[in-house]
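Since the structure comes first, as structure tokens, the remarks are kept for the end.
The values are calculated or read from the model by the stated rules, or taken from the named source; none is laboratory data. Keep in mind that what you see is a predicted model, and the values were worked out from it rather than measured. Virtual Cβ from ideal backbone geometry, glycine too; neighbours counted across all protein chains shown. SASA here: full protein model, heavy atoms, side chains in, ligands and nucleic acids out. Shrake-Rupley method; radii C 1.70, N 1.55, O 1.52, S 1.80 Å.
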Number of protein chains: 2
Amino acid sequence: MIKGIINYSHFLMEEAVKKGDTVIDATCGNGHDTVFLSQLVGESGHVFGFDIQDQAITNTQALLARHKLTNATVIQDSHSNFMHHMPVDKLTRLGGAIFNLGYLPGSDKSVITHSETTILAIEGILSHLKQNGIVVLVVYHGHEGGDEEREHLMRYVRLLDQKLYHVLYYGFVNQKNDPPFILAIQKRN
Amino acid sequence: MIKGIINYSHFLMEEAVKKGDTVIDATCGNGHDTVFLSQLVGESGHVFGFDIQDQAITNTQALLARHKLTNATVIQDSHSNFMHHMPVDKLTRLGGAIFNLGYLPGSDKSVITHSETTILAIEGILSHLKQNGIVVLVVYHGHEGGDEEREHLMRYVRLLDQKLYHVLYYGFVNQKNDPPFILAIQKRN
């Protein structure tokens, strides 16, 4: 079967990220991607996970502990401040980042990601990303404010220089209720 | 690297099509996909290739001969007439089809595919397709008439029932000059 959105987001990370890489989970949420990335980069790699909400930090730390994973640092701050929290030797091995844009499922729907900070974070990450490194955005846009974030993001990624980056759109076009889609940005050789 | 359009169209066929399947190359063109599909389904499978242009038929037959492939039938007719050319025992094993929409590279740019016959062919193929079978459309739309075909197709696939079909859009959004993109329709279980 054609891969669904979450499976394909993981597939893209698996294809681009190597053992020993540093990766960023820009939106920890319930911690599922943080755990996935921690296992992907292995013991020699490291995950930096960001979220602004207490509940996300608590859930993610609990899930990492349950899986006995120790190569992840969870930070309660905006992803746009990622550089303040990552030592330079880790930053030079940055192989990828993943964003789940929208709100935390099962939580306060009024707390949403915003295109301004999202784009700031993407800009910073792209400037530090290794060649072939990837930024995967899973865009949930069915909530209030979702349209605006989606349109800002689309405008931003369409302008990324095609000589420097591949920007892929991956989404299902016959589903009702604003299904999520993927934007993936890969740094070219 | 994120797969380019042609690689990804082949990847989708490889994931969905099995040895022994019947497959359709709806637009033989220079025969590259016909050869790819012939090798994919193996000696127990069969490819039916369609094209309306002499040059495409000649090129495809020559390429098949050069690869010593004998499990492909090349037919000079519109893909919308596919049913008239395929024996029923082959039709019941229909696992996939591929369309390259636009014009034949290196040939007369005034001979293009048209949405009416394309959609007729897709409708017929979907009705005969096995479960998990796939129709991959590679949409070239930079030529005159390309916008119209693209918009008709998008309108058509958006309305396919999501309970019966997955419809994926796969394309690069930061490239200049109307790059091709993929629409893939997979029949659900």
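Below is a table of values for the structure above.
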| read-out | value |
| --- | --- |
| Identity of the residue in segment B:89-117, of a type in the set (S, T, N, Q) and within 24 Å of B:G45 (Cα to Cα), that ends up least open to solvent (accessible area, probe 1.4 Å) | B:N100 |
| Scope segment A:22-41; condition farther than 23 Å from A:G102 by Cβ and open to solvent by less than 10 Å² (accessible area, probe 1.4 Å); matching residues | A:T22, A:V41 |
| Qualifying residue in segment A:155-162 (condition: over 24 Å from B:Y165 (Cβ atoms) and within 16 Å of the chain's Cα centre (by Cα)) | yes |
| Unmet criterion (only one of (1) open to solvent by 20 Å² or more (accessible area, probe 1.4 Å); (2) under 16 Å from the mean Cα position of the chain (by Cα); (3) more than 14 Å from chain B (Cβ to nearest Cβ)) for A:Y169 | (3) |
| Which numbered condition B:A65 fails, given (1) open to solvent by 30 Å² or more (accessible area, probe 1.4 Å); (2) under 17 Å from the mean Cα position of the chain (by Cα); (3) not polar (S, T, N, Q) | (2) |
| Answer from A:N71, A:N81 - the residue that is of a type outside the set (D, E) and open to solvent by 30 Å² or more (accessible area, probe 1.4 Å) | A:N81 |
| Test result for A:E43, out of contact with any Leu (no Cβ under 6 Å at 6 or more places or on another chain) and within 14 Å of chain B (Cβ to nearest Cβ) | no |
| Per-region count, segment A:155-178, residues farther than 15 Å from A:T117 by Cα and in contact with a strand residue (DSSP E or B) (Cβ under 9 Å, 6 or more places away or on another chain) | 15 |
| Residue check for B:S44: more than 30 Å from A:V167 (Cα to Cα), open to solvent by 60 Å² or more (accessible area, probe 1.4 Å), at pLDDT 95 or above and of a type in the set (G, A, S) | yes |
| Cβ pairs under 7 Å, 6+ apart, first in segment A:12-25 and under 17 Å from A:T73 (Cβ atoms), second among the polar types (S, T, N, Q) | A:G20/A:S44; A:D25/A:T34 |
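This table checks each residue for (1) crowded, with 16+ Cβ neighbours inside 10 Å; (2) over 20 Å from B:G29 (Cβ atoms); (3) facing chain A (nearest Cβ under 10 Å); (4) not aliphatic (A, V, I, L, M).
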position	(1), (2), (3), (4)
B:L126	yes, yes, no, no
B:Y140	yes, no, no, yes
B:H143	no, no, no, yes
B:R150	yes, no, no, yes
B:R155	no, yes, no, yes
B:R158	no, yes, yes, yes
B:L164	no, yes, yes, no
B:V173	yes, yes, yes, no
B:I185	yes, yes, yes, no
